[in-house]
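In what follows, a single structure is set out as structure tokens and then discussed.
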Amino acid sequence: MSSLKKLLVATNIILVVLELIAFIHDMYVFSFSAFKWYTIDSNVLQLVVSLLVVVCYLKKAQIPDFVTKLHFVSAVALTVTFLIAAFVLAPEGGYAYYFIYDVAPINHLIGPALSVASLLFLEKTDKCSLKIILYPLLATMAYGIICLILNIMRILDGPYFFLKIYDVPAGTIAMWFAIIGVLCVVIAFAYYKIKWRSVK
């Protein structure tokens with residue numbers, strides 16, 4: 001096994017261990033209500049992706065397209081969680097809460113960083129169609145729409161301030177959907193160009 005593959009396997013084993021620790025913690029604290037958070041959903045997806053990546057390389061198999069697509073979604077989603085936490089939520093809620101306490105460093109910083117590094121620089125995969133940049137957007141919008149419906153039905157409260165449909169003006173909700181949607185597409189396009197920069 002080449003040094004690059006060893007680094008890839010080691011990175012994803014670390015991701016599996018850290019994401020599993022975060023998942024166990026979040027399930028213990030929040031039970032199944034943990035899945036209402038986009039951040040936790042993104043990290044759980046990364047846990048699944050990293051497991052699949054490790055299995056593929058241990059079996060000396062090519063990473064399937066569907067794993068690359070799932071990783072693309074998780075890497076972009078985790079980047080969005082980092083940016084929103086760092087520049088929107090933490091200034092009001094405190095940087096310690098979002099980046100230091102409990103498993104916050106895994107969910108908001110370490111997980112995103114290792115996910116992106118593995119996807120862009122360690123995993124050698126066939127080039128995907130440009131339409132892959134839409135997958136993180138579709139997944140994120142699906143999450144937001146489901147949360148809005150649950151908020152309308154008063155089954156869920158938030159969990160983010162811009163999803164509280166009875167407390168926030170519709171214009172504010174639409175603005176945040178647009179901001180996050182644009183973020184997803186811009187980040188996804190940048191990652192696409194970086195990952196397959198030398199593939200025609």
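Number of residues in segment 62-89 that are open to solvent by 30 Å² or more (accessible area, probe 1.4 Å), part of a helix (DSSP H, G or I) and farther than 19 Å from Phe162 by Cβ: the value is 4.
Is one or more of the residues making up segment 111-126 modelled with pLDDT under 95 and more than 16 Å from Asn12 (Cα to Cα)? Yes, there is a match, as at least one residue in segment 111-126 is modelled with pLDDT under 95 and more than 16 Å from Asn12 (Cα to Cα).
Against the list (1) at pLDDT 95 or above; (2) over 16 Å from the mean Cα position of the chain (by Cα), the condition Lys59 fails is (1). Here Phe189 meets each of (1) part of a helix (DSSP H, G or I); (2) more than 15 Å from the chain's Cα centre (by Cα); (3) over 15 Å from Ala75 (Cβ atoms) with one exception, condition (3). Count of segment 90-112 residues, restricted to those that are in contact (Cβ under 8 Å) with a residue 24 or more places away in the chain and either part of a helix (DSSP H, G or I) or small (Gly, Ala, Ser) (or both), is 7.
In segment 42-61 there is at least one residue matching the filter, namely being within 19 Å of Val185 (Cβ to Cβ), assigned to a helix (DSSP H, G or I) and either out of contact with any strand residue (DSSP E or B) (no Cβ under 7 Å at 6 or more places or on another chain) or open to solvent by 20 Å² or more (accessible area, probe 1.4 Å) (or both). Scanning segment 64-84 for residues that are more than 26 Å from Lys131 (Cβ to Cβ), touching a residue at least 24 places away in the same chain (Cβ under 8 Å) and of a type in the set (Phe, Trp, Tyr) turns up nothing.
The values are calculated or read from the model by the stated rules, or taken from the named source; none is laboratory data. Nothing here was measured: the structure is a model prediction, and the numbers come from that model. Don't worry about glycine lacking a Cβ; one is built from the backbone with ideal geometry, like all the others, and counts go over all protein chains shown. For the accessible areas, the whole protein counts, side chains as well, though only heavy atoms, and no ligand, DNA or RNA atoms are used. Shrake-Rupley method; radii C 1.70, N 1.55, O 1.52, S 1.80 Å.
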